[in-house]
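Remarks on the structure that follows.
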Amino acid sequence: MISCSTMKQWANHLINNPYNKKIVKYENQDYMAQLAFLSGEYINSPGIQTIRISGRSRHYLTSIYHRIVEHSELILEYNLSPKFYIIKNKTPFYFSLPGSQFFLSSSLVKKFLKNEHLLVAALSHEIVKSQRNIYLKKAVVPIGFLSTEKMLSLTRLPLKIKMEVNKWTYYVLGRAGYDSSAYLNWLQTQNKNTLDFMFQLGSSKKISKEEFLFKNFVVKQGIVEKMNRSRQPSNSSKSFYHFVNEVGRIGS
């Protein structure tokens, strides 16, 4: 687990570093409110079908969210209620919007979240983005509907900024008692399945560089042995398998 003193140092780095200040306060609150509002337009757009998951699965996802947030209270807010949307789609993708709104495709859950660590890693990354409002301001022309491709383009980050979010993800995972290097495994999963994730990534070039840079960061943290162990199959909770099986059953 990441120590409290280390987390405080990282929080100071996050809050006081001039470059990170630029990221965290990249855009004004009016735009963030507008971006958050787009969730309604998106899920009500033609061709977008949401999967209604059970209370057990929703509670499971919420418990992951609260575990991440409550252990990183220096940089994340606990009083926000998360919303999870499972989109029925054969293409793997995921993204978030301000206000703790998270979107996962059924294909992503069924085919690529092979264990609980990958799910937690992907969610943690989006929790940091959503809670810290790390989105670039892009023009949104109101036309009455929004495609998944448009939503991904609105929430996609340049590599330099995404690497900062990756580092924050590393720390919040460790602070919550999860495998700190799990996000590296998630990047490797995407890199090994580049064609499947092209819709998500927008470019096949960035993911290889992103994996390389983040792997160097993880190695510098002195957890090479742990990183190697984390590649081995690990146990996942019953709630995880219930969630995955439920999405697989309903989303088929």
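The table for this structure:
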{"item": "Boolean, Ser147 is surrounded by fewer than 18 Cβ atoms within 10 Å (Cβ to Cβ) and over 12 Å from the mean Cα position of the chain (by Cα)", "result": "yes"}
{"item": "Answer residue from the range 148-197, given it is part of a helix (DSSP H, G or I) and among the charged types (D, E, K, R) and is farthest from Ser130 (Cα to Cα) among those", "result": "Lys192"}
{"item": "Residue satisfying all of: in the range 57-95; surrounded by fewer than 19 Cβ atoms within 10 Å (Cβ to Cβ) and hydroxyl-bearing (Ser, Thr, Tyr); farthest from Ser180 (Cα to Cα) among these", "result": "Thr91"}
{"item": "The range 112-121, residues that are surrounded by fewer than 24 Cβ atoms within 10 Å (Cβ to Cβ) and either of a type in the set (Ser, Thr, Tyr) or within 8 Å of the chain's Cα centre (by Cα) (or both)", "result": "none"}
{"item": "Close pairs (8 angstrom Cβ cut-off, 6 or more residues apart or separate chains): closer than 14 Å to Gln131 by Cα in the range 56-69, in a helix (DSSP H, G or I) and hydrophobic (A, V, I, L, M, F, W, C) anywhere", "result": "Tyr65/Leu123; Tyr65/Ile127; Ile68/Val120; Ile68/Leu123; Ile68/Ile127; Ile68/Val172; Ile68/Leu173; Val69/Ile127"}
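No value in this document is a laboratory result; all are computed from the given coordinates. Just so you know, these numbers come straight off a predicted model, no measurement behind them. FYI the Cβ positions are ideal-geometry reconstructions off the backbone, even for glycines, and counts take in every protein chain you see.
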